[in-house]
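Novice: Please find one structure pasted underneath; my questions will follow.
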Amino acid sequence: MNRKISTLVLVCALVLTATAQELSTAKPEAVGLSSERLERIATAVQRSINDKRMAGAVTLVARRGHVAWFKAQGMMDREAGKPMRPDTMFRICSMTKPITSLAVMMLYEEGRFLLDDPVSKYLPEFKNPKVLVKPASGAPYSIPAAKEITIRDLLRHTSGITYHWNGDLGPIYKDANVSHGLLPYDGTIEDGVKRLASVPLLFNPGERWEYSLGVDVLGRLVEVASGKPLDEFFRTRIFEPLGMKDTYFYPPDNKLERLAVAYTYYADKGLNRFPDTPITEGSFVYSADYPYRGPKKLFSGGAGLTSTAADYLRFCQMMLDGGKVGNLRLVSRKSVELMTQDQLGKITTDEGFGFGLG
């Protein structure tokens with residue numbers, strides 16, 4: 001998909017401990033950065049705005065626990081003439097995934113499950129999975145999978161699950177009304193995950209890597225293992241301890257004025273405001289109104305959150321501090337290391353890189 005939504009650029013180069021609730025500032029040179037070079041960020045962003053490749057952006061750079069660069073440029077709503085502001089809220093889409101993965105590792109450390117447990121132990125709808133087979137001639141069919149999906153498979157995207165844009169399984173996902181988080185959905189994460197479990201896998205679990213809806217399954221696992229809805233777990237166990245006061249699945253009405261309008265860039269069409277009706281690209285149907293329209297009861301662990309640059313910095317700071325926020329530890333340093341080190345081994349991603357947990 002050749003598209004770019006109003007951009008949140010967040011650079012986290014945080015190497016010393018600071019209290020995550022406090023975003024202290026420092027002159028770039030005081031933390032080993034160059035003011036002149038940081039200004040190049042603004043130049044590059046402004047060039048993209050002038051070229052109508054983006055409407056606006058918030059960029060943030062921090063080092064040694066101090067914010068050295070924080071700038072809002074362009075418009076959060078071009079048509080209304082609303083300037084971008086530092087506390088603009090963005091649909092952070094897949095930047096939701098690391099937060100869900102952190103929740104999984106927190107529960108893993110509490111002994112709620114093992115990473116190599118089959119997910120069917122906690123979500124029985126995933127028992128006896130099947131794999132799609134596409135013969136050279138004739139209709140596709142499915143066969144029993146060689147093994148079950150493990151929690152580790154979901155974390156590292158080796159489960160055999162994919163996304164709606166996949167040419168083989170996308171139409172099946174669409175027909176089964178599998179949720180993906182980027183469209184208002186008349187159901188819960190439990191509903192969406194059960195529908196996902198009813199369709200075949202793209203390949204046997206552990207066989208290869210495929211970016212996927214598996215983290216949405218992990219969101220449901222968090223609910224089952226903790227006994228709390230995913231939004232409540234995030235709020236009480238992660239957002240409040242980190243001081244992330246502007247991060248939600250569904251922002252309250254009094255903050256919606258800070259939600260950036262979403263724009264899509266196409267090489268042949270330029271920058272376009274998301275329409276009021278959903279966009280259809282093959283079997284992938286998505287829209288920009290999911291944070292504020294519809295039933296507001298789907299908590300997508302893979303794509304559903306909205307946040308600000310400052311809030312996401314707090315999350316990055318905690319990760320780079322080895323799982324701590326001040327004197328409060330959310331997760332062990334070892335778990336952070338597992339999340340941020342390659343877990344694929346001989347398997348490679350489409351880009352040839354490794355991949356951690358989440």
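Novice: Of everything in region 109-143, what is in contact with a strand residue (DSSP E or B) (Cβ under 7 Å, 6 or more places away or on another chain) and charged (D, E, K, R)? Give them in sequence order.
Specialist: Of everything in region 109-143, those that are in contact with a strand residue (DSSP E or B) (Cβ under 7 Å, 6 or more places away or on another chain) and charged (D, E, K, R) turn out to be 116, 117, 130.
Novice: Give the residue that is surrounded by the most Cβ atoms within 10 Å (Cβ to Cβ), with candidates limited to residues of region 56-112 that are among the small types (Gly, Ala, Ser) and in a loop (DSSP other than H, G, I, E, B).
Specialist: Once the filter is applied, the top-ranked residue is 65.
Novice: Looking at region 311-358, which of the residues that are among the basic types (Lys, Arg) and within 30 Å of residue 207 (Cβ to Cβ) is nearest to the chain's Cα centre (by Cα)?
Specialist: Restricting to residues being among the basic types (Lys, Arg) and within 30 Å of residue 207 (Cβ to Cβ), the top hit is 334.
Novice: Does residue 190 fit the bill of being outside the structural domain of residue 126 (by TED's automatic domain parsing), touching a helix residue (DSSP H, G or I) at 6+ places or on another chain (Cβ under 9 Å) and modelled with pLDDT of 95 or more?
Specialist: no
Novice: So for region 177-188 (the condition being out of contact with any strand residue (DSSP E or B) (no Cβ under 8 Å at 6 or more places or on another chain), in contact (Cβ under 8 Å) with a residue 12 or more places away in the chain, more than 22 Å from residue 223 (Cα to Cα) and of a type outside the set (Gly, Ala, Ser)), does at least one residue qualify?
Specialist: no
Novice: Please work out which residue is surrounded by the fewest Cβ atoms within 10 Å (Cβ to Cβ), limiting yourself to region 113-134 and to residues that are part of a helix (DSSP H, G or I) and without any contact (Cβ under 8 Å) to a residue 12 or more places away in the chain.
Specialist: My answer is 124.
Novice: Any residue that is loosely packed, with under 13 Cβ neighbours inside 10 Å, at pLDDT 95 or above and not in a helix (DSSP H, G or I) - is there at least one of those in region 326-334?
Specialist: No, that holds for no residue.
Novice: Scan 137, 142 and give me the residue that is of a type in the set (S, T, N, Q), out of contact with any helix residue (DSSP H, G or I) (no Cβ under 8 Å at 6 or more places or on another chain), surrounded by fewer than 17 Cβ atoms within 10 Å (Cβ to Cβ) and part of a loop (DSSP other than H, G, I, E, B).
Specialist: So the residue among 137, 142 that is of a type in the set (S, T, N, Q), out of contact with any helix residue (DSSP H, G or I) (no Cβ under 8 Å at 6 or more places or on another chain), surrounded by fewer than 17 Cβ atoms within 10 Å (Cβ to Cβ) and part of a loop (DSSP other than H, G, I, E, B) is 137.
Novice: Another one. Kindly provide the set of residues from region 242-268 that are crowded, with 17+ Cβ neighbours inside 10 Å and hydrophobic (A, V, I, L, M, F, W, C), ordered by number.
Specialist: Selection gives 242, 244, 249, 259, 260, 261, 262.
Novice: Ok, one more. Among what's in region 187-207 and is under 21 Å from the mean Cα position of the chain (by Cα) and assigned to a loop (DSSP other than H, G, I, E, B), pick the residue that is nearest to residue 127 (Cα to Cα).
Specialist: 188
Novice: Starting from region 308-328, keep only residues that are within 16 Å of residue 86 (Cβ to Cβ), then list their pairs with residues that are in a helix (DSSP H, G or I) whose Cβ atoms are within a distance under 6 Å, requiring at least 6 positions of separation or different chains.
Specialist: Between residues of region 308-328 that are within 16 Å of residue 86 (Cβ to Cβ) and residues that are in a helix (DSSP H, G or I), the close pairs are 314/242.
Novice: Considering only residues of region 70-108 that are among the basic types (Lys, Arg) and in contact with a strand residue (DSSP E or B) (Cβ under 9 Å, 6 or more places away or on another chain), which is nearest to residue 303 (Cα to Cα)?
Specialist: The residue in question is 91.
The values are calculated or read from the model by the stated rules, or taken from the named source; none is laboratory data. For clarity, every value in this text was computed on a predicted model and none was experimentally measured. Note that we place each Cβ from the backbone using ideal geometry, even for glycine, and neighbour counts take in every protein chain shown.
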